[in-house]
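The values are calculated or read from the model by the stated rules, or taken from the named source; none is laboratory data. All of these numbers come straight from a predicted model, not from anything done at the bench. Note that we place each Cβ from the backbone using ideal geometry, even for glycine, and neighbour counts take in every protein chain shown. The area values use the complete protein model at the heavy-atom level, side chains included, leaving out ligands, DNA and RNA. Shrake-Rupley method; radii C 1.70, N 1.55, O 1.52, S 1.80 Å.
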Amino acid sequence: MTRPLVALLPGDGIGKDVVREGKRLLAHLEKTRSVALDLWDLDLGADRYLKDGTTYPKEIRARIESEAKAVLLGALGDPRVPGLEHARDILFGLRFGLDLYANVRPVKALDDRLVPLKGKGAKDVDFVVFRENTEGIYVGMGGQFKRGTADEIAINEDVNTRKGVERLIRAGFEYAKKNGKKTVHMADKSNAMKHAHELWYRAFFEIAKEYPGIEPKHVYVDALCLYLVQDPSPFEVVVTCNLFGDIVTDLGAGLQGGLGMAGSANIHASDPSRVALFEPVHGSAPPLAGKDLANPFACFLTIGMMLTHLGFENVEQDIEALVGRGIRERKCTRDVGGELGTKAVTDWFIDAFR
Ligand code: NAD
Ligand code: IPM
Ligand code: MN
């Protein structure tokens, strides 16, 4: 098998810390599990942008599109670039440019200790959010008028296409079908957003008819937030729009031990052979950057998802199991109740990985 080309994009802040550790894990997996990848380091992010203005150059974009099988991203966002223009160019350049319409974000607690809800444990927190990833309020359509005056106007258009909504909803049902899930929830605000989310509502129940064994359930996104902190156990698969998916998955991260525990995949769900983007849900956490404080587990779980995408069997489940053990045995960082630094967690992880 030829080695799949994987672009590594550490980016900014703790993105650099966790992708550096992720690279060490990948080197270990090459030796022990024959995970042979062709790694391609990308020097993109705030440092590069501040040095020479580069954000997401077209030669790199072209090689990713034509040759790479996956991109592993750390995080983007740096206080020295307050407008975040580099972050949007790169992150949205990848998500939109590669048409990665499904942002798949598992919310799974790997130990009871990580679940902050009274009387609830790991068995109650296990669902996957399918976040629409190429449309919505994120497309950047809109503008400002009379900026800086008392009469200023700011508009961000919320773009929802039938095709875009349908393919994301279908991805959620397909996942449910493959994984024996009995329900799919769709979270919207069709009560307030009567044009855009009426489309989501209608498309959802129409598509649900193609999946007779799976019960479609509608929930308003505000109520979903309530239910998730009361009792997340009924939820198996949640499909939702770009913005709500972003917010709900940070809430979800809170149920699984924090952002240091949440991995994600950005995929073109109907064609898994296409290049995909993998990133922890967390951002660049500037106050932790470069201090050996970042939890590398979200990145390791993300690497697991990436290796499944690349066709390596069983590695993802072994990574997940070992992360769970790391939590149980307190071989973890402070955010999840341990005392180890980022590097020491990786040392332990690599040593324990069989
Ligand atoms: P953040 O995810 O960076 O941090 C939120 C909180 O979670 C902080 O308390 C942080 O310390 C903690 N945290 C996050 N990851 C952690 C880890 N691995 N280990 C331990 N603790 C962790 O979100 P923010 O502070 O709102 O944003 C910081 C920057 O990151 C902003 O510029 C934002 O736009 C950007 N961001 C980027 C991405 C991405 O690149 N995909 C995602 C989210 C935020
Ligand atoms: C995420 C982040 C991004 C998003 C930001 C950095 C634009 O919060 O990946 O969750 O909103 O998608
Ligand atoms: Mn987010």
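As for the range 72-83, it holds at least one residue that is buried (at least 22 other Cβ atoms within 10 Å of the Cβ), more than 16 Å from ligand 3 (Cβ to nearest atom) and under 25 Å from VAL237 (Cα atoms).
Screening PHE92, PHE173 for residues that are touching a Phe, Trp or Tyr at 6+ places or on another chain (Cβ under 9 Å), open to solvent by less than 60 Å² (accessible area, probe 1.4 Å) and either within 15 Å of ligand 1 (Cβ to nearest atom) or within 30 Å of LYS51 (Cβ to Cβ) (or both) leaves exactly one candidate, PHE92. Residues in the range 283-300 that are open to solvent by less than 20 Å² (accessible area, probe 1.4 Å) and either in a loop (DSSP other than H, G, I, E, B) or within 16 Å of ligand 3 (Cβ to nearest atom) (or both): SER284, ALA294, ASN295, PRO296, ALA298, CYS299. Could you grab me the full set of residues in the range 228-249 that are in a helix (DSSP H, G or I), away from ligand 3 (no atom under 15 Å from the Cβ) and closer than 13 Å to PHE127 by Cα? Correct list: LEU228 only. Just to be sure before I move on: is LEU226 within 16 Å of ligand 1 (Cβ to nearest atom) and not β-branched (Val, Ile, Thr) in the structure I sent? Answer is no for this residue. Within the bounds of the range 250-272, is there any residue that is free of Cβ contacts under 8 Å to residues at least 40 places away in the same chain and part of a loop (DSSP other than H, G, I, E, B)? Yes, that holds for at least one residue. I'd like the full set of residues that are free of Cβ contacts under 8 Å to residues at least 24 places away in the same chain and either under 18 Å from GLY326 (Cβ atoms) or within 16 Å of ligand 2 (Cβ to nearest atom) (or both), limited to the range 273-295. Answer for the range 273-295, where residues must be free of Cβ contacts under 8 Å to residues at least 24 places away in the same chain and either under 18 Å from GLY326 (Cβ atoms) or within 16 Å of ligand 2 (Cβ to nearest atom) (or both): there is none.
Taking the criterion of being assigned to a helix (DSSP H, G or I), free of Cβ contacts under 8 Å to residues at least 40 places away in the same chain and open to solvent by 10 Å² or more (accessible area, probe 1.4 Å), the residues of the range 315-333 that qualify are GLU316, GLN317, ASP318, ALA321, LEU322, ARG325. Within the option set ALA276, ALA298, being within 22 Å of PHE96 (Cα to Cα) and among the aliphatic types (A, V, I, L, M) holds for one residue only, ALA276.
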